[in-house]
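Only the coordinates and a few stated rules stand behind these numbers; no lab work does. Note that the structure is a prediction, hence the values are computed from the model and not measured. Reconstructed Cβ throughout: ideal geometry from the backbone, glycine too, with neighbour counts over all protein chains shown.
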């Protein structure tokens with residue numbers, strides 16, 4: 001088994017980092033593989049070192065709740081198992097998945113990070129570790145603590161990465177004078193910028209998160225009971241790479257999104273509930289482009305928000321009509 | 001001969017009364033009806049595409065707003081009914097329409113201009129009705145107003161016909177039937193035209209909120225009774 005450390009580190013952060021999109025992939029032998037666990041339940045260990053205000057037992061409890069939230073998605077099949085406390089540290093590359101606190105004062109915008117050990121031939125995740133940065137204060141209080149970040153919320157985000165999900169771009173932010181971004185609203189736990197101290201709303205998954213994990217680990221009749229939207233986004237007749245495509249279902253209020261992932265401007269949105277959707281295309285302008293793509297310079301963000309000029313009807317299983325949207329330059 | 005005359009004489013006093021109450025329109029007959037009309041539009045509800053706000057309060061952040069509406073459209077129908085007597089009848093039928101489902105998008109958080117997006121749907125309603133002829137308001141021998149009410153099943157198919165939405169339909173209305181021809185003891189006992197005005201209440205089907213939605217409708221048709 002050829003094993004390599006995948007350097008990309010995905011985080012729930014105050015600013016930006018990481019390199020991913022909806023699903024992580026690796027290329028080998030001309031083939032692209034999606035990174036995922038192939039054997040479940042996935043065993044994880046909790047580091048036996050706590051942090052200020054969060055003893056190791058409370059840390060383990062918050063992690064267990066976050067794992068359980070992902071595990072409870074009825075249309076996804078992934079499962080996790082707590083294997084015990086360990087003296088090992090995250091990112092030890094020891095074949096054991098460890099979650100724990102680490103002190104990284106130099107990462108002053110990074111709340112936490114996830115790393116992987118993968119089989120580059122198959123895309124199988126062999127090990128995944130998560131650290132939470134003790135440069136910040138953490139809370140496991142049920143109602144949150146206005147001066148501390150909610151550990152369970154950030155853990156839910158990191159465990160999304162741990163499972164193989166990249167960042168979602170469903171969110172709106174505004175720039176602060178210091179160059180950091182403040183979240184105005186988020187449509188996914190996997191949005192790359194954390195909500196802020198004392199906020200516990202991201203303990204619950206959103207439809208985009210559910211679609212992402214279900215697409216990666218489909219259970220039951222997920223594929224047969226949900227629809228896919230496929231299409232192409234162009235600018236001046238040329239395919240657009242990195243356009244953010246969002247589908248809104250007026251019946252459920254759900255937002256599910258993806259990106260155009262090649263230079264032809266093609267995208268695919270999975271996990272849509274059958275029925276009509278409004279499709280909105282926007283540039284990645286609410287988080288750093290490098291939160292989503294390895295080569296940010298290749299991503300076109302110089303266009304205006306544009307809606308598909310028809311209602312898109314997601315079928316029950318498979319894809320409906322092909323969607324084509326021509327965006328207008330900014 | 002004497003007996004026959006006596007019977008004839010005995011019947012005479014009854015004839016004028018029978019003539020007064022006897023309908024020129026046939027009863028106890030099967031009737032089929034086909035025609036077209038217009039189904040009025042209705043709001044299907046409004047919704048916001050909301051993001052979870054980054055505050056401790058649950059007030060969401062609106063990404064954009066959507067108003068949905070089923071546009072008015074022509075309809076076509078076929079019905080079959082049976083009149084038990086000159087006053088009461090029942091009927092059942094199928095109505096088909098092909099209205100446009102329109103969503104108006106506005107208030108975009110990034111100032112995208114408002115836009116209306118749409119699809120065409122196929123709408124079928126299968127319903128059963130009770131018809132009450134209002135003989136007291138008859139206009140001449142051959143024109144009768146009526147009231148009707150009933151319920152049925154609503155089946156709507158999105159564009160591409162890959163997704164089916166189901167619901168219920170209730171209606172109340174009235175109209176007028178005019179017999180162009182009425183004759184007894186023939187295979188075709190009558191024929192005429194009919195005008196209906198109805199208020200439909202539809203629930204389920206393609207809808208973005210839970211409440212029943214009212215649609216006005218008018219239709220005209222020709223009918224033949226056997």
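Counting every other Cβ atom within 10 Å of each residue's Cβ, A:145, A:208, B:47 order from fewest to most as A:145, B:47, A:208. From least to most packed, judged by other beta carbons within 10 angstrom and beginning with the fewest, B:75, B:143 follow the order B:143, B:75.
For B:158, A:157, what ranking results if the residue with the fewest other Cβ atoms within 10 Å of its Cβ goes first? Let's see the in-between values first.
Working: B:158 24, A:157 29.
Going from least to most buried by this count: B:158, A:157.
The helix-based estimate of mean residue ellipticity at 222 nm for chain B, built from -39,500 (n - 2.57) per DSSP H run of four or more residues and divided by its residue count, is -2000 deg cm²/dmol to the nearest 500.
Averaged over the residues of B:41-53, the number of partner chain Cβ atoms lying within 10 Å of the residue Cβ comes to 5.
Binned at 5 Å from 0, what are the whole-percent values of the Cα-Cα distance distribution for region B:167-223, short to long? Distribution as computed: 5, 16, 18, 14, 12, 11, 9, 7, 4, 2, 1 percent.
Of all DSSP beta bridges confined to chain A, the antiparallel ones make up roughly 70%. Using just the helices of chain A, give the 222 nm mean residue ellipticity in deg cm²/dmol: DSSP H runs with n ≥ 4 each add -39,500 (n - 2.57), and the total is spread over all residues, rounded to 500. Using -39500 (n - 2.57) per qualifying helix, the result is -4000 deg cm²/dmol. Taken over the C-alpha atoms, the protein assembly as shown has Rg and Dmax values of 33.0, 128 angstrom.
Relative to the longest principal axis of the Cα atoms of chain A, the long axis of helix A:56-71 lies at roughly 30 degrees. Note on B:60-66: average number of Cβ atoms from other chains within 10 Å of each residue's Cβ is 5. Of the peptides B:128-137, A:316-325, the ranking by mean beta-carbon count within 10 Å, highest at the top, reads A:316-325, B:128-137.
Only bridges with both residues in region A:89-211 count here: give the DSSP antiparallel percent, nearest 5. The antiparallel proportion sits near 65 percent. Axis angle, to the nearest 10 degrees, between helix B:2-11 and the longest C-alpha principal axis of chain B: 40 degrees. The angle separating the long axis of helix A:207-216 from the principal Cα axis of greatest extent in chain A is about 80 degrees.
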